[in-house]
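Heads up, the thing below is written out as structure tokens.
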Amino acid sequence: MDCIIVGGGAAGMAAAISAREHGAESVLLLEKNDCLGKKLKQTGNGRCNFTNRNMQESCFRSESKNFIASFLKRFSFSDSIDFFHSLGVLEKYRGEYVYPHSDQAKSLVLSLERRLRELAVLVKLSAEVMNVRYVEDRTAIFPEESAGESSGLFQLQFADRESGERSIVKGKALLLTTGGLAMPASGSTGDGYTFAKQFGHTLVRPVPSLCPIFTEEKYTKIWAGVRTDCRLSLFDGEELLYQDKGELQCTDYGISGIVVFQCSRLVANLLERKRKSRLFLSFLPEYEEESFYSYLLTRKREYKNRLGRDLLLSILPDKLSYVLFQKASFPEEKKLQEIPEEKIKELCRILFHFPFIPSAVSDFSRAQCTAGGVSLSQLDYESLESLCCKGLYFAGEILDVDGICGGYNLHFAFGTGKIAGEAMGKRR
């Protein structure tokens, strides 16, 4: 085989197509699931947000900062649209988010499969790679080749997950697109990390990303089920690391929602390093604290004979109001005229700076992607070829790059797959 690709997700399928279109005569795609694109079919609630019009370096995170700029020059938003047009996929826009016009992830997967078939890519499903090795001297396997001919050869053993039968395949180039650790039920179980380390690659420790955040505080049992607008601020000590606003989902274990997902990898890394991370939630992001405090004092005067618990009536969901009253030690059973202004001020402070102490992020089963992975410092940025082993390539979530919500992770998977596939196809 000219090229062997391990992993039939977004990156693997894009790479197989690109390799054939750029000169590879034989391409083998190995996938351990019984279908291609299993995780891809689940993205965006089955609608598949595959790219984003607002394609900025700041939308991606990595230990290798310079790589993102290099990647986006090679695979921009317009390059993504051109790639999908070449497959016959028409796009639909929801703001900056881009989906297949069908709103069906499975139709995008089918378009990729059609192109693989047209290009005569050999696909093996239910094929779990057991081991990989690199043979320096190809003449040991192919005696007909001259001793000085190019580089070595990759030899893979894989097992059919249905029959248990084992097979060996050999290839001139190997691409690992096995994903990370997120959503293990889709087949992402970190196999590629083991193979990467075998070839001398180092890993940036993988942690869950785009996932809920947990706390050990007991009030979560009370506010579970609440959805509300919120401004979220993350601090490492006194340093502000992240701030954004959006819909917050209050759960019985902590917080969730896109505004939480966007900072979850930062929280995961802080917890991993035993740093003291602090989150503050503002439940009235459209207001200024001082002006709202004045408004609460006005309510206190106007409704002086009402109970304290009515101060936030119609402003916040009742379950959330109750949590805030408890946090601020607010005398909700007293009449408003009996409550001192200092207590109103303290309640207002909690409203705008609710302290949330993270105890953990969710495990990989609830994470949408993996932060960390194979370090880009050991790859050629232009081709994604290994600097440790000639002929070895990487693409997709296995790499130390993760994006925020909005189609960035799929853009990265398809883009790096296409780049690596092109490089393999042009090898001679």
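The values are calculated or read from the model by the stated rules, or taken from the named source; none is laboratory data. Treat the numbers as computed from the prediction; the structure is a model and nothing was measured. For neighbour counting, all protein chains shown are included, and Cβ atoms are generated from backbone atoms with ideal geometry for every residue, glycine included.
Can you give me the number of residues within region 159-185 that are out of contact with any strand residue (DSSP E or B) (no Cβ under 8 Å at 6 or more places or on another chain) and in contact (Cβ under 8 Å) with a residue 12 or more places away in the chain?
4
Quick one: which of Leu270, Leu279, Leu284 is of a type outside the set (Gly, Ala, Ser), buried (at least 17 other Cβ atoms within 10 Å of the Cβ), assigned to a helix (DSSP H, G or I) and in the same structural domain as Phe330 (by TED's automatic domain parsing)?
The conditions single out Leu270.
Determine which member of the set Gly373, Gly406 is in contact with an Asp or Glu (Cβ under 8 Å, 6 or more places away or on another chain) and either under 26 Å from Trp223 (Cα atoms) or surrounded by fewer than 24 Cβ atoms within 10 Å (Cβ to Cβ) (or both).
Residue meeting the stated conditions: Gly406.
Out of region 197-223, which residues are out of contact with any strand residue (DSSP E or B) (no Cβ under 6 Å at 6 or more places or on another chain), assigned by TED's automatic domain parsing to the domain that holds Ala268 and either assigned to a loop (DSSP other than H, G, I, E, B) or not β-branched (Val, Ile, Thr) (or both)?
Glu216, Glu217, Lys218, Tyr219, Lys221
Out of the residues in region 380-427 meeting the condition of being among the charged types (D, E, K, R) and free of Cβ contacts under 8 Å to residues at least 60 places away in the same chain, tell me which one is farthest from Phe195 (Cα to Cα).
Among those that are among the charged types (D, E, K, R) and free of Cβ contacts under 8 Å to residues at least 60 places away in the same chain, it is Asp380.
Among residues belonging to region 163-222 that are among the charged types (D, E, K, R) and touching an Asp or Glu at 6+ places or on another chain (Cβ under 9 Å), point out the one that is nearest to Cys388 (Cα to Cα).
Ranking the qualifying residues of region 163-222, first place goes to Lys172.
Of everything in region 376-424, what is closer than 15 Å to Phe75 by Cβ, among the acidic types (Asp, Glu) and assigned to a helix (DSSP H, G or I)? Give them in sequence order.
Once the filter is applied, which keeps residues that are closer than 15 Å to Phe75 by Cβ, among the acidic types (Asp, Glu) and assigned to a helix (DSSP H, G or I), region 376-424 yields only Glu422.
With the condition being under 16 Å from Gly415 (Cβ atoms), outside the structural domain of Ile258 (by TED's automatic domain parsing) and within 21 Å of the chain's Cα centre (by Cα), I'd like the helices (runs of 4 or more DSSP H) fully within region 41-95 carrying at least 3 qualifying residues.
Because the criterion is at least 3 residues that are under 16 Å from Gly415 (Cβ atoms), outside the structural domain of Ile258 (by TED's automatic domain parsing) and within 21 Å of the chain's Cα centre (by Cα), the helices (runs of 4 or more DSSP H) in region 41-95 that meet it are 65-74, 77-86.
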